[in-house]
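One structure below.
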Ligand code: BGC
């Protein structure tokens, strides 16, 4: 294994069963289509391996749909003279894994001592190709270090997969040992075997079908033994095995001391839900394997690395002067890049990406509010694809609305393949009721906000005409039918929940009311605009969804009547009707990660009558609509709500960091940056094993760009108001703006902005409040404070 470049490497040294789940998550490899957790190939007690395919969901056996734990393509068993090598039955002499963030390859090297004391090294490397999202690659090398041996490598595709479903309710404080951690969970079955075996060309195949949703999943695998360079080892047998739910190649080698034996495994994956090519998944999977086996391992690695290089060029945030921050940002961006697929407009990114089963792979508002800005400014095609998913799921959103007695489309709080509501009613241990499914309505306004942002930054009118307008109109229509008229003649919303999920059944949540009013204004403005710029297309959309000008006029009138929040003379906005009358409960204790603890006797579900918050609500509003609130008002609210926020969502710290910077509280901003940036690197919420907090990764990117870089999109220009923290020497990133790229290089003594665009293109930006004209390829240096 070549020495890792420390800035780009996530390293595991030694094997600690208690940290296995953490490493499985953070060492996920993927390409936006496939995500495979970093579990050891041979498995071990307490392992939670998983391969997830974007968009493949199923509800068989489970209360709501799961992102299906798809067949395992790593599935490997190594025997040395009949003795199995794994971390449970052999002694581990050395163990190191390195995830190369630059190229998305996970390398492993483990030296085992078997019960007879003989040492054998197992090396593997795995990747999911970025150049061909249908392809995964596993290389296995086994070297008997101090003995001659018969080495058996059995590697295949295993269809015996189950999803975690429910866990029993244990007494508080019961801490199961890591090897037992997942044992007690009820599991659900989503896959049935359809076909398995081997073809004439030697490729293995396993075809499964999801039981309720009917998706066919085909894997094809070619296992190729590599000849030993020096003749120190030789292949003596190659068998192909078929079990009921598994196919495998079994290769037997004779190897001398120090002589490696190795095999390469090419795995092709295709499903019947792949957009644009739903037919013959097995034939497609096999064709993928045959093509890449012919080209060879080096070609697979090279072409994938070339795509990675391009992705990093657009997405990297470089930090100089603070290695841990630099690594945390890289890890986050790596995971964002393997989470989304620009070529599939029918999927979005779940709350745990494709790295674990937390939240059952469901899609939340996280996608539009936390994740979208990252893709919008670095991978605009991917941003478009995420929003296209909302268009694809509009039929489901219409059903959600109709089921609740309203019109138009209401996006599900937890969405999956169809857009129908998939939010469970109960916690996994069955003890507490969630009301988010019924009440967290704001997601529909969040999606509309994201459409607005997308069009402002990309100027992609075509998307608006093809999908965006229909999304905005159908959801405006939902709000118009959901708003309720009060005795004061105003319109409001009862029985809702804002982002702060400690308080349910609330009336007139400030965040939701304002986002709704804005959404209705946006719907009407868009209607007016398209009437002028694309009347024919507008007429088609209006015809399809039965939208009249009178209905749109109603939105304008409704927006003006939405009840404004109570605001104290100090400027503090009341989170919802009656919030100021709730009991104050001080936060008095913080954990080792500097995260606030629940006050004694309190938990997520019994804080309703207190002013404590799970995550920002009023502050979120100011975060999203900064131009509506003077900085002084933002500061007052920041101070008021910050001391009442427990940050029990990983989305919370990033919002506080950006807002903290905006209101001049740089010190707490750095603290919040650490909480957000290190959430998975340090596992500071203790649940990274269930999957990445992908929204926090994107929130961390937002802290770097919108917070430290002070970047905001004004209606027609980008504006920068940098606030580089003292702990960094430099911060560099680049962003797409209407098809061009603006490179930003921030130091403490100067800020350099470079436009990458067609020769002689000019783009105006605003730096520190002053307009600056950038000319393509001509770096423009600004001295902080010097543009005035
Ligand atoms: C947060 C939500 C979030 C969800 C998924 C919850 O804990 O409160 O705001 O959408 O996690 O990340």
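The values are calculated or read from the model by the stated rules, or taken from the named source; none is laboratory data. None of these values were measured; they are calculated from a predicted model. Cβ placement follows ideal geometry from the backbone for every residue including glycine, while neighbour counts extend to all protein chains displayed.
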(request) Within region 158-178, identify whether any single residue is crowded, with 18+ Cβ neighbours inside 10 Å, farther than 22 Å from residue 72 by Cβ, touching a residue at least 12 places away in the same chain (Cβ under 8 Å) and in contact with a strand residue (DSSP E or B) (Cβ under 7 Å, 6 or more places away or on another chain), and answer yes or no. (result) yes
(request) Go through 488, 446, 460 for me and flag whichever is within 15 Å of the ligand (Cβ to nearest atom), in contact (Cβ under 8 Å) with a residue 24 or more places away in the chain and out of contact with any strand residue (DSSP E or B) (no Cβ under 9 Å at 6 or more places or on another chain). (result) 446
(message) Cβ-Cβ distance below 7 Å, separation of 6 or more or different chains: which pairs start in region 607-620 with a residue that is over 11 Å from residue 579 (Cβ atoms) and at pLDDT below 95 and end on one that is near the ligand (Cβ under 10 Å from one of its atoms) and part of a helix (DSSP H, G or I)?
(response) 616/652
(request) Output the residue which, of all residues in region 222-238 that are within 40 Å of the chain's Cα centre (by Cα) and under 30 Å from residue 192 (Cα atoms), is surrounded by the most Cβ atoms within 10 Å (Cβ to Cβ). (result) 223
(request) Kindly indicate which of 612, 621 is within 16 Å of the ligand (Cβ to nearest atom), within 26 Å of residue 476 (Cα to Cα) and surrounded by 18 or more Cβ atoms within 10 Å (Cβ to Cβ). (result) 621
(request) Output the residue which, of all residues in region 248-294 that are in contact with a helix residue (DSSP H, G or I) (Cβ under 8 Å, 6 or more places away or on another chain) and not in a loop (DSSP other than H, G, I, E, B), is surrounded by the fewest Cβ atoms within 10 Å (Cβ to Cβ). (result) 264
(request) Given the conditions (1) more than 16 Å from the ligand (Cβ to nearest atom); (2) under 27 Å from residue 376 (Cα atoms); (3) surrounded by 17 or more Cβ atoms within 10 Å (Cβ to Cβ), report the number of the one that residue 441 does not fulfil. (result) (1)
(request) Could you grab me the full set of residues in region 390-422 that are closer than 30 Å to residue 739 by Cα and buried (at least 24 other Cβ atoms within 10 Å of the Cβ)? (result) 390, 393, 411
(request) Specify the residue that is nearest to the ligand (Cβ to nearest atom); the eligible residues are those in region 624-651 that are part of a loop (DSSP other than H, G, I, E, B) and out of contact with any helix residue (DSSP H, G or I) (no Cβ under 8 Å at 6 or more places or on another chain). (result) 649
(message) So if I check each of 309, 328, 299, which one is out of contact with any strand residue (DSSP E or B) (no Cβ under 7 Å at 6 or more places or on another chain) and over 29 Å from residue 221 (Cβ atoms)?
(response) 328
(message) Among (1) in contact with a strand residue (DSSP E or B) (Cβ under 6 Å, 6 or more places away or on another chain); (2) more than 16 Å from the ligand (Cβ to nearest atom); (3) within 18 Å of residue 440 (Cα to Cα), there is one condition residue 493 misses while meeting the rest; what is its number?
(response) (1)
(request) Would you check if residue 187 is outside any loop (DSSP other than H, G, I, E, B) and more than 20 Å from residue 281 (Cβ to Cβ)? (result) yes
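Residue-wise test of (1) touching a strand residue (DSSP E or B) at 6+ places or on another chain (Cβ under 8 Å); (2) within 16 Å of the ligand (Cβ to nearest atom).
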site: 469; (1), (2): no, no
site: 501; (1), (2): no, yes
site: 506; (1), (2): yes, yes
site: 518; (1), (2): no, no
site: 530; (1), (2): no, no
site: 554; (1), (2): no, no
site: 562; (1), (2): yes, no
site: 573; (1), (2): yes, no
(message) Exactly one of these conditions fails for residue 654: (1) within 16 Å of the ligand (Cβ to nearest atom); (2) assigned to a helix (DSSP H, G or I); (3) without any contact (Cβ under 8 Å) to a residue 40 or more places away in the chain. Give me its number.
(response) (3)
(request) Taking residue 106 as the residue in question, decide whether it is closer than 30 Å to residue 299 by Cα and in contact with a helix residue (DSSP H, G or I) (Cβ under 6 Å, 6 or more places away or on another chain). (result) no
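Yes/no per residue for (1) out of contact with any helix residue (DSSP H, G or I) (no Cβ under 6 Å at 6 or more places or on another chain); (2) closer than 26 Å to residue 50 by Cβ; (3) surrounded by fewer than 24 Cβ atoms within 10 Å (Cβ to Cβ):
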position	(1), (2), (3)
74	yes, yes, no
86	yes, yes, yes
93	yes, no, yes
96	yes, yes, yes
99	yes, yes, no
134	no, yes, no
139	yes, yes, yes
(request) Output the number of residues of region 552-579 satisfying the condition of being closer than 14 Å to residue 641 by Cβ and in contact (Cβ under 8 Å) with a residue 24 or more places away in the chain. (result) 9
